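Data first, discussion second: the structure below is written as structure tokens.
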Amino acid sequence: MPQIPFALRDDPVGAYPEEWVAAFAEIHERPFRAKQVFRWIHTRSVADPARMTDAAKTLRDKLASWSLAMPAEIREVRRAADDTRKVLIGFPKSPAAGTVETVLIPPLPDEDDDEAELEADDEAPAVTGLRVAARRVTQCISSQVGCAMGCVFCASGVAGLKRHLSAGEIVAQVLLGRTLLDEGEAIRNVVLMGMGEPLHNYDNVARALRLLTHADGMNLSSRRVTVSTSGLVPEIDRLGEEFKGEIALAVSLHAPDDELRSRIMPVNKKYPLGELMAALRRYPLARRRRITIEYTLIRNVNDRPEHARALLRLLRNLPMKVNLIPMNPIEAAPWQAPTRDDVLAFQDVLRKGTDQAVFIRRTRGDEIDAACGQLALHGAKAVKRKLPMIGERHGGA
Ligand code: SF4
């Protein structure tokens, strides 16, 4: 039996169609057969050659010795009352490979988002594998096991970085997520906002982005794929250059000045706000697109009106929308969610100072810990970090 070609040995689900074609040439198989296998994996979530029923028997026999399989598997699914599904993903190749999470988030009936604007720009159908469906699901996926960035409010950062995910492991989360869709649902948006800093794993993430948007594969619109970063400036430039600004960009800002941001997000010491904002201003945004600014509100840390005013000054003239995210407290951490009144007051200051969109992100799947890093963290050891508190108004956390 032919051995699996080197190009496919480590990460077949992360291989481009042309790499499949080259690998098939080594076993004297024609290019269209290589593309057939690529499509089985990327449009039907099937990696086992025995299940590729329209592939020739001789080809399936050859592929049987290659041990093709999904590089990831579903370990646990927890469903919330609002139909948000939080999925724990494991990696069969090694028990030491760790776990990550992915979350399927259906839209709320009155969801306040850019949907109409995106619809107008859309060329690609939603991903169902077979048909266009009406109920658009957003899938949040992970890019690393753990995270090296160490943001003090984040469950994923608590345990540090364990390893980068391969491109196939990143893509497989969407392939597996698709198998959990309800009747009439389709994955319409993919956001890299789960565990990990995507731009710290740039090469694998870039490959995954090309696969997710590949016309022969899932064919997601690149504008519906969002990379969320804590602010790695050289990689933001690289992403903008390589994808010509077509990939949507979200930035976790969380503080309006260097002093506070460096204390809650250590990455700011390396890439302070001046450098980060300059990178955002030169990001080659696609037509009518905006950068998403994520701002997690932490009680008595960054949720005061003076922070909102400083944020307005920082973001002046940037094409953007702001998502305010009331903090979801993590186990064993001393800081707290902001009060509802403080969140509304913060939003009010921003709305009065800009004509750009300022949303409050609604908590989804609350009862299943559907926040960044929390499911995969179950069982992991949480560590307490010192978080700076300000003011006496709410008595500290
Ligand atoms: S917020 Fe993002 S970058 Fe920061 S530790 Fe968590 S996963 Fe990493």
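The table for this structure:
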| read-out | value |
| --- | --- |
| Selection within region 58-83 - among the charged types (D, E, K, R) and either outside any loop (DSSP other than H, G, I, E, B) or out of contact with any Asp or Glu (no Cβ under 8 Å at 6 or more places or on another chain) (or both) | R60, D61, K62, E73, R75, E76, R78, R79, D82 |
| Inter-residue pairs, beta-carbon under 9 Å, first on the phi > 0 side of the Ramachandran plot and in region 135-153, second in a loop (DSSP other than H, G, I, E, B) and more than 8 Å from the ligand (Cβ to nearest atom), 6+ apart | G146/G98; G146/A159; G146/G160; G146/A380; G150/G160; G150/P266; G150/R385 |
| Among (1) within 16 Å of the ligand (Cβ to nearest atom); (2) assigned to a helix (DSSP H, G or I) - the single one R210 does not satisfy | (1) |
| Filter result for the condition that a residue is out of contact with any Lys or Arg (no Cβ under 8 Å at 6 or more places or on another chain) and more than 16 Å from the ligand (Cβ to nearest atom), over E246, E235, E242 | E242 |
| Any hit, region 235-246, residues being touching a helix residue (DSSP H, G or I) at 6+ places or on another chain (Cβ under 6 Å), among the aliphatic types (A, V, I, L, M), in a helix (DSSP H, G or I) and at negative phi | yes |
| Residue under evaluation R282, criteria (1) among the charged types (D, E, K, R); (2) more than 21 Å from D237 (Cβ to Cβ); (3) loosely packed, with under 15 Cβ neighbours inside 10 Å, criterion not met | (2) |
| Residue count, region 247-273 (criterion: without any contact (Cβ under 8 Å) to a residue 60 or more places away in the chain, more than 18 Å from the chain's Cα centre (by Cα) and not in a helix (DSSP H, G or I)) | 5 |
| Of all residues making up region 266-279, the number that are within 12 Å of the ligand (Cβ to nearest atom) and crowded, with 23+ Cβ neighbours inside 10 Å | 1 |
| Residue ID - nearest to D303 (Cα to Cα), chosen from residues in region 144-190 that are part of a loop (DSSP other than H, G, I, E, B), near the ligand (Cβ under 9 Å from one of its atoms) and touching a helix residue (DSSP H, G or I) at 6+ places or on another chain (Cβ under 7 Å) | F153 |
| Whichever residue in region 30-39 is without any contact (Cβ under 8 Å) to a residue 40 or more places away in the chain and open to solvent by 20 Å² or more (accessible area, probe 1.4 Å) and, among such residues, is farthest from the chain's Cα centre (by Cα) | R30 |
| Considering residues of region 169-203 that are surrounded by fewer than 24 Cβ atoms within 10 Å (Cβ to Cβ) and of a type in the set (G, A, S) only, the residue farthest from M149 (Cα to Cα) | G184 |
| Condition broken by M195, with the remaining ones in (1) assigned to a loop (DSSP other than H, G, I, E, B); (2) more than 11 Å from the ligand (Cβ to nearest atom) satisfied | (2) |
| Residue within region 108-116 that is at pLDDT 90 or above, assigned by TED's automatic domain parsing to the domain that holds M193 and in a loop (DSSP other than H, G, I, E, B) present | no |
| Failed item, numbered, when E294 is tested on (1) over 30 Å from S45 (Cα atoms); (2) in contact with a Phe, Trp or Tyr (Cβ under 7 Å, 6 or more places away or on another chain) | (2) |
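Residue by residue, here is whether (1) of a type in the set (K, R); (2) open to solvent by less than 60 Å² (accessible area, probe 1.4 Å) holds:
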{"site": "P5", "(1), (2)": "no, yes"}
{"site": "R9", "(1), (2)": "yes, no"}
{"site": "S45", "(1), (2)": "no, yes"}
{"site": "D48", "(1), (2)": "no, no"}
{"site": "T53", "(1), (2)": "no, no"}
{"site": "A72", "(1), (2)": "no, yes"}
{"site": "E76", "(1), (2)": "no, no"}
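Yes or no, residue by residue, for (1) within 23 Å of I325 (Cα to Cα); (2) out of contact with any Leu (no Cβ under 9 Å at 6 or more places or on another chain); (3) not assigned by TED's automatic domain parsing to the domain that holds V267:
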site: C147; (1), (2), (3): yes, no, no
site: V158; (1), (2), (3): yes, no, no
site: R163; (1), (2), (3): no, yes, no
site: G168; (1), (2), (3): no, no, no
site: Q173; (1), (2), (3): no, no, no
site: A186; (1), (2), (3): no, yes, no
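The values are calculated or read from the model by the stated rules, or taken from the named source; none is laboratory data. The model shown is predicted, which means the values in this text are computed figures rather than measured ones. Note that each Cβ is placed from the backbone with ideal geometry, even for glycine, and that neighbours are counted across all protein chains shown. Surface accessibility is based on the protein's heavy atoms, side chains included, excluding ligands, DNA and RNA. Shrake-Rupley method; radii C 1.70, N 1.55, O 1.52, S 1.80 Å.
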